[in-house]
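Encoded as C-alpha cells, the structure appears first; notes follow it.
The values are calculated or read from the model by the stated rules, or taken from the named source; none is laboratory data. Because the structure is a prediction, the values reported are computed rather than measured. In this analysis, Cβ positions are derived from the backbone assuming ideal geometry, glycine residues included, and neighbour counts consider all displayed protein chains.
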Amino acid sequence: MNVIQAVKVNRSFVNGKETSHVLKDIDLTVEQGEFISIMGPSGSGKSTLLYLLGGLDMPSDGTVSINGTDLSTLKDKELCSMRNRDIGFVFQFYNLVPNLTVEDNIALPLMIAGRKRSEYKDKLEECLEIIGMKDKRKLTPRELSGGQQQRVAIARALVFDPKIIFLDEPIGNLDTKTGIKLMELFRDINQKYNKTIVQVTHSESAALYGSKLIKLVDGQITSVEEITPDMKINTVS
C-alpha cells in the first residue's frame, strides 16, 4: 500500500531576478512499513524534498499525496490536523523547551493540540519505554546528553502514534557511538511498530539502516536501490 506519492514534483525559489530550481521532476513512491533513506551531498535538495513529502512546504509544480490525499487540496487547518494525526518529525536540532521536563516535552504536542494529557497517560509511558528514559522523566534538557535529548525528540514525534515519521539528519549532531544507538532505535521502531520512516542523510552508513536507498544529486533522483543485508554495516559516520 502506497502511503506517500510524489508525482513530477518541482520546487523553485525566486531571489530577486534569479530563480533557483532546487528539485526537478521528482517521482517517488513510499509503501507502508518501508524505511526510506534519501542520501545526497549538501545542497542536493534532500531536506527540501523531505519538507514537501511531510507537508511543511508545497511544490511549485507536481503533486504530493499522503494516503491518497493530494496535500495541495487541503486547507491549512486540515493540513495541520493531518500532520498532527499521521506524521511525526525528528530534526537534527532537538528543539526541546529548556524549562520543561522530559515528560512535559514529550507531551507538548498534546498541549498544543488541546488534548487532555490524562487521555494519553498510557501512550506517554509507552514512549518513555521505547526510548529507555523512564528514570529520567523529571529531568530537563540541560541535564541530558545530546543523544538523550534526541531520544526525547523521538518520543515527542511518537506520542500521537503517527503512521509516518520523517527524519532530517537525525544524528548529524551526535558522536559515532550515540549515532549507532539511535539508528538502531529507528530501525526497531520501523520493524517492531511497522512505522513508515523517511530519512534524509549525507551519511551512507546511516542510510544503510533503511530498506531502500534513494540518491539525490542536484535536485534529481539518480538511483533507487533496495538495501540488502550484505550492504548493511555497523558503524555510523
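Odds and ends about this structure:
- Answer residue from the stretch 227-237, given it is at pLDDT below 85 and surrounded by fewer than 18 Cβ atoms within 10 Å (Cβ to Cβ) and is nearest to the chain's Cα centre (by Cα) among those: SER237
- Hey, PHE35 under 24 Å from GLN150 (Cα atoms) and either at pLDDT below 95 or of a type in the set (D, E, K, R) (or both) or not: no
- Whichever residue in the stretch 197-226 is more than 13 Å from SER47 (Cα to Cα) and small (Gly, Ala, Ser) and, among such residues, is farthest from the chain's Cα centre (by Cα): SER223
- When residues of the stretch 129-153 are limited to those that are buried (at least 17 other Cβ atoms within 10 Å of the Cβ) and either among the aliphatic types (A, V, I, L, M) or in contact with a Cys (Cβ under 8 Å, 6 or more places away or on another chain) (or both), the one nearest to PRO170 (Cα to Cα): ALA153
- When restricted to residues that are touching a residue at least 40 places away in the same chain (Cβ under 8 Å) and over 22 Å from GLY54 (Cα atoms), the stretch 174-202 contains 3.
This table checks each residue for (1) part of a loop (DSSP other than H, G, I, E, B); (2) under 17 Å from ASP86 (Cα atoms).
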site	(1), (2)
ALA153	no, yes
THR178	no, no
MET183	no, no
TYR209	yes, no
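- Members of the stretch 54-82 found to be surrounded by 14 or more Cβ atoms within 10 Å (Cβ to Cβ), free of Cβ contacts under 8 Å to residues at least 60 places away in the same chain and under 20 Å from GLU31 (Cβ atoms), listed by number: GLY55, GLY62, THR63, THR69, LEU71, MET82
- Any chance VAL198 is surrounded by fewer than 19 Cβ atoms within 10 Å (Cβ to Cβ) and β-branched (Val, Ile, Thr): no
- Yes/no for PHE89 being out of contact with any Ser or Thr (no Cβ under 7 Å at 6 or more places or on another chain), among the aromatic types (Phe, Trp, Tyr) and surrounded by 13 or more Cβ atoms within 10 Å (Cβ to Cβ): yes
- If you go through the stretch 106-128 and keep only what is surrounded by fewer than 18 Cβ atoms within 10 Å (Cβ to Cβ), part of a helix (DSSP H, G or I) and more than 20 Å from the chain's Cα centre (by Cα), you end up with MET111, ARG117, SER118, GLU119, LYS121, ASP122, GLU125.
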